[in-house]
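For reference, the structure discussed in these notes is given below.
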């Protein structure tokens, strides 16, 4: 299976504890998939809205595809996520808990189809974020020290 990453939500891992990941398809129009193949997508402000029977990607920005002219799409429209009912039910149960949300982590191609990696996430406190930054600094220092020994 060949996967090619298109877009990543870098803030997701910094802002949230990612508890459980799901792979979902996404319902797109023709000009949207062309823009995604060109790398014209941003997941930075995006989130997943879960209703009882469906899940939607909200606020993801897919830029207009210039050659599509008048057949272009709305860049910020809500897009339906294609998940099994069991997965939607699991997301629905998780979202009803306090402090839990569903965030898009990355978008990629798998066997020619656009897939979205979404995760059930719990918000981090400020001290958790500081711990993550300190841990990152420590690993960077260790890598530098080991590199200098060669």
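May I have the extent of the alpha carbons of the stretch 11-52 along their three principal axes, as whole Å values ordered from largest to smallest?
Over the stretch 11-52, Cα extents along the principal axes are 33, 27, 16 Å.
How far is helix 126-149 tilted off the main Cα axis of the chain, in degrees rounded to 10, range 0 to 90?
Rounded to the nearest ten degrees, it is 70.
Using helices alone, what [θ] at 222 nm do you get for the chain, with -39,500 (n - 2.57) per DSSP H run of 4 or more residues, divided over all residues and rounded to the nearest 500?
Here the helix-only value at 222 nm equals -10000 deg cm²/dmol.
Roughly how many nanometres apart are two label points built 7 Å out from the Cα toward the Cβ at residue 49 and residue 66?
Label-label distance for residue 49 and residue 66, simple model: 3.2 nm.
In whole angstrom, how far apart do the alpha carbon centroids of the stretch 1-70 and the stretch 86-101 sit?
Here the two parts' Cα centres lie 19 Å apart.
Take the chain, connect every pair of alpha-carbon atoms lying under 10 Å apart with a spring to form a Gaussian network, then pick out the residue of 134, 46, 114 with the largest mean-square fluctuation.
134
Can you pull the percent of Cα pairs in the stretch 62-150 with separation above 24 Å?
Cα-Cα pairs in the stretch 62-150 separated by more than 24 Å: 53 percent.
Can you give the percent of C-alpha pairs in the stretch 3-123 whose distance is more than 17 Å?
Everything past 17 Å amounts to 54 percent.
Taking the beta-carbon count within 10 Å as an exposure proxy, list 35, 5 from fewest neighbours to most.
Ordered by Cβ neighbours within 10 Å, fewest first: 5, 35.
Every read-out reported here was derived from the displayed coordinates using simple, explicitly stated rules and does not represent laboratory data. Bear in mind that the values here come from a model prediction, so they are computed numbers and not experimental data. No Cβ is skipped: glycine too gets one built from the backbone with ideal geometry, and neighbour counts run over all protein chains shown.
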